[in-house]
Every structure is written in C-alpha cells, then in structure tokens.
Amino acid sequence: MKSNANLYIPVLLVLALLIESCNGGDKSATAGESVPDDGLIHVSKAQFETNNMQLGHPAMRNFPEVLQVSGMVDVPPENRASVSAVSGGFIREISLLIGDRVRRGQRLVTLENPEFLQLQQQYLETVEQLPFLKSEFERQKTLYNEKISSEKLFLQAESQYRTALARSNSLGRQLELLNISPESVQAGQLSSVSPVFAPIDGYITKVNVSKGTFVSPATEIVEIVNSDHPHLELTVYEKDVQRVHIGQDIRFSLPELSDTLYGARVHLIGTSLNENRTVKVHAHLKDEKQAHFLVGMFVRAQIDIEGAEQHPYLALPETALVASGGSTYLLILQGSTETDYAFRQVKVGAGATAAGYTALEAGSGLNEGSQVLVQGAFNLVGPQ
C-alpha cells in the first residue's frame with residue numbers, strides 16, 4: 001500500500017503543472033479581442049497597419065433636415081398574381097416549390113373533375129345541332145318571304161337557331177377558360193382534366209395545395225411575384241405628410257444590411273389617412289439592379305426635406321459606426337503603447353447620413369478632440 005501511494009505523488013504533480021500551464025495561457029489576449037482585466041479592445045500595431053486601419057476625429061458638418069420613416073419593399077399589383085381555378089376540381093398534378101421560377105404560360109397544376117366531361121358533352125351536342133337548326137331557319141325564312149309559311153314558324157325557327165348558336169359560343173368560351181380546346185372536343189378528344197397556367201413571369205411565393213386537394217374558384221392555389229421592379233411603400237405620419245413632395249430624394253437601408261445605403265425617390269403620395277393616422281408614400285428605386293430585394297423586407301428610410309435649413313452636427317465617416325444587435329457602436333482610442341492600441345467600445349445614437357458621413361446624436365460624449373477608429377472597426381465591434 002505504501003509503494004502505491006508513492007506512485008500517485010508524481011502523477012498529481014504532473015496534473016498540477018498542466019493545470020497551471022493552461023491557466024497561464026488564458027492570461028494573454030490576442031490582438032482584436034477584449035482583455036478581461038481592463039475591458040478594452042487591444043489591437044497590435046502590426047495588425048493595425050496590416051488591415052489598413054485609420055484613426056480620425058469627429059468634426060462639425062452641416063446636414064440637411066431629414067424625415068425618418070419606415071416601410072417595406074413591395075411590387076406593383078400587376079407583378080403579383082394569385083392563381084386560382086376557374087372551376088372546382090381535384091389537384092391531379094403539382095410539382096411546385098416555394099422559390100421556383102415560372103414563366104408566363106407555364107403549366108402550374110392540373111385539375112380533374114367529371115363535370116368537365118359533361119360540359120364538353122353539352123358543347124358537342126349543341127354544335128351538332130347547329131347545322132340542322134340553321135338549315136331549318138333558312139328554309140322557314142324562304143317560305144315566309146314567299147308567303148307560304150306563317151311568321152310564327154319563321155320566328156320559332158330563328159329563335160331556336162340563335163339560341164343554340166349563343167349556347168355553343170358560351171360553352172366554347174367556358175372550355176377555353178378551362179384551357180380545353182373546343183376544336184379538340186369537336187374532333188372527339190374529350191378530357192376530364194384542366195391545366196392551370198401561370199399568368200405572369202415570376203417566383204412562387206406561396207403553395208397552398210397538394211396532390212389530391214379539392215379546390216374551388218375561391219381557393220388560392222399558388223401566388224406568383226415578379227420582383228423585377230421593386231418599390232418602397234413608406235409610412236408617413238399625419239403631422240409630417242405636408243413636408244413630403246414628389247421627387248424628393250430618399251436614402252434607405254435594410255436592418256440586416258444597415259451599413260449599406262440605397263437610393264430612391266418619392267413617386268406618389270397617398271391622398272387619404274389610414275386608420276392609424278398615417279399616409280402611404282410610394283417611392284421608386286434609383287437603381288433597381290443595385291441589390292436583390294425580397295418582397296416584404298422591412299426598410300428604414302430618410303426623406304430629404306427640400307428647402308429646409310441645414311444644421312451642424314458632430315459627425316464621423318460612416319465606416320466608423322458599426323450596427324450590432326439593434327444598436328450602433330464605435331471604438332474610441334483610450335491609449336497606446338509601443339506595441340498596441342487600446343480602444344473602448346461605446347454605444348452612440350446615429351442621426352442623418354449624407355455624403356459618406358453620419359451625424360452623432362446629442363449625448364454621445366465625444367468632442368472634436370476624441371480619437372476614433374474610423375476604418376477597420378467592423379471586425380472588432382461585438383454585441384453588448
């Protein structure tokens with residue numbers, strides 16, 4: 001037993017040395033990571049130069065007055081199609097997925113219903129009666145003109161022929177709405193299925209049925225959206241609508257891509273208030289191919305107020321501000337040594353943006369003497 005105890009001592013010493021080695025390794029911080037001891041972000045000067053980072057000072061700049069609004073990306077009504085069936089039926093074939101691209105005239109689904117056969121039978125029977133009824137009408141017309149037959153028989157023959165002609169035209173049109181060819185029916189090719197085709201080019205955004213589902217004319221089978229011409233639908237409050245005019249410039253961003261600004265222009269302004277006392281403002285994008293916007297995306301926008309007085313604000317280049325977790329941050333230089341820089345991450349309020357600069361809201365705690373990381377902060381800022 002004593003010899004076994006002696007064997008455990010070296011093992012415990014080795015474990016203790018390993019634990020001490022691990023703890024010692026945690027005390028050193030790599031460049032660009034927060035140091036737990038002082039709560040600062042340290043960047044080595046080598047890393048600073050390699051990543052082309054830059055320091056700068058806030059400066060007073062004039063900014064035009066802007067109106068902060070929100071809205072969403074949308075498309076014109078003609079670029080959105082809700083596809084339904086002309087007549088009820090069971091879904092026989094469907095192979096669509098959300099996101100599939102379809103072309104106008106492409107078959108989307110196939111419906112099946114025995115009533116389609118009855119409609120074709122009625123059409124065919126009516127068409128077959130037309131030659132006889134037309135002949136009888138012409139015969140009675142001749143007899144009436146020669147004073148051989150009565151007017152009553154002539155009018156009766158005329159009514160029967162014109163009624164059958166109207167019925168055949170109506171049934172033929174119904175078949176065309178079901179995408180069933182009347183010519184094929186006349187040739188004896190009857191079918192119990194009706195294809196449904198895409199009315200526009202676009203992408204499938206909704207699929208509400210599956211194989212075997214019974215659909216009525218009120219059922220939305222699929223929705224198609226063509227996003228080639230997106231626009232903005234912005235919401236403006238009643239108190240601000242008088243300041244908005246057609247042609248005003250708009251800068252907007254997506255919450256997920258808040259560092260990127262896009263341009264638009266006011267195109268239409270609503271003429272009535274909604275229930276929540278707001279007005280819809282329709283804006284066209286300056287460059288529709290600038291980004292791939294999805295319909296329904298939320299946007300934050302700034303409408304430039306024409307003729308408004310410009311106001312001076314303490315401002316920084318846009319690259320100095322980083323959006324993270326719904327807030328905006330920047331890095332203020334706290335000090336430097338021969339080997340590294342030390343930055344403190346500070347939350348600030350961002351105002352209007354113009355000409356590559358963003359205004360800082362009051363209470364940021366900065367002044368023109370503050371040194372800020374204006375280039376390269378994006379990879380260092382983290383949520384707080």
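Laid out as a table, the results:
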{"quantity": "Extreme residue, positive dipole direction of segment 114-190, given options Ser150, Gly188, Tyr161 (C-beta unit charges)", "calculated": "Ser150"}
{"quantity": "Distance-filtered residues of segment 75-109 - backbone nitrogen under 12 Å, label point 7 angstrom along Ala187 Cα→Cβ", "calculated": "none"}
{"quantity": "Segment Leu177-Thr50, extension gain: residue separation times 0.36 nm, minus the distance between their alpha carbons", "calculated": "39.0 nm"}
{"quantity": "Taking Ser216, Ser336, Ser170 and counting other C-beta atoms within 10 Å, the order from fewest to most", "calculated": "Ser216, Ser170, Ser336"}
{"quantity": "Sites matching trypsin sites (Lys or Arg not before Pro) across segment 53-125 that sit in DSSP coil, with at most 11 neighbouring C-beta atoms within 10 Å", "calculated": "Arg103"}
{"quantity": "Cut-off 16 Å, label 7 Å out along Cα→Cβ of Tyr203, residues of segment 214-230 by amide N", "calculated": "223-230"}
{"quantity": "Chain lengthening between Asp287 and Glu115 when straightened (0.36 nm per residue, less Cα-Cα)", "calculated": "56.9 nm"}
{"quantity": "Which of Val43, Val75 has the fewest Cβ neighbours within 10 Å, and the rest in rising order", "calculated": "Val75, Val43"}
{"quantity": "FRET efficiency estimate (nearest 0.05) - Cβ-Cβ, Ser70 to Ser149, R0 56 angstrom", "calculated": "0.10"}
{"quantity": "Descending semi-axes in whole angstrom, ellipsoid equivalent of segment 114-190, from the Cα gyration tensor", "calculated": "32, 10, 8"}
{"quantity": "Gain in span if fully extended, Leu333 to Arg162, counting 0.36 nm per residue against the direct Cα distance", "calculated": "52.3 nm"}
{"quantity": "Calculated FRET efficiency for the pair Ile305/Ser272, C-beta based, R₀ 22 Å, to 0.05", "calculated": "0.45"}
{"quantity": "Spacing of the two label points (7 Å from each Cα toward its C-beta) at Arg104 and Gln122, in nm", "calculated": "3.2 nm"}
{"quantity": "Taking Glu146, Glu176 and counting other C-beta atoms within 10 Å, the order from fewest to most", "calculated": "Glu146, Glu176"}
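No value in this document is a laboratory result; all are computed from the given coordinates. Quantities reported herein were computed from a predicted structural model and do not represent experimental measurements. Here the Cβ is made from the backbone with ideal geometry for all residues, glycine too, and neighbour counts use every protein chain on show.
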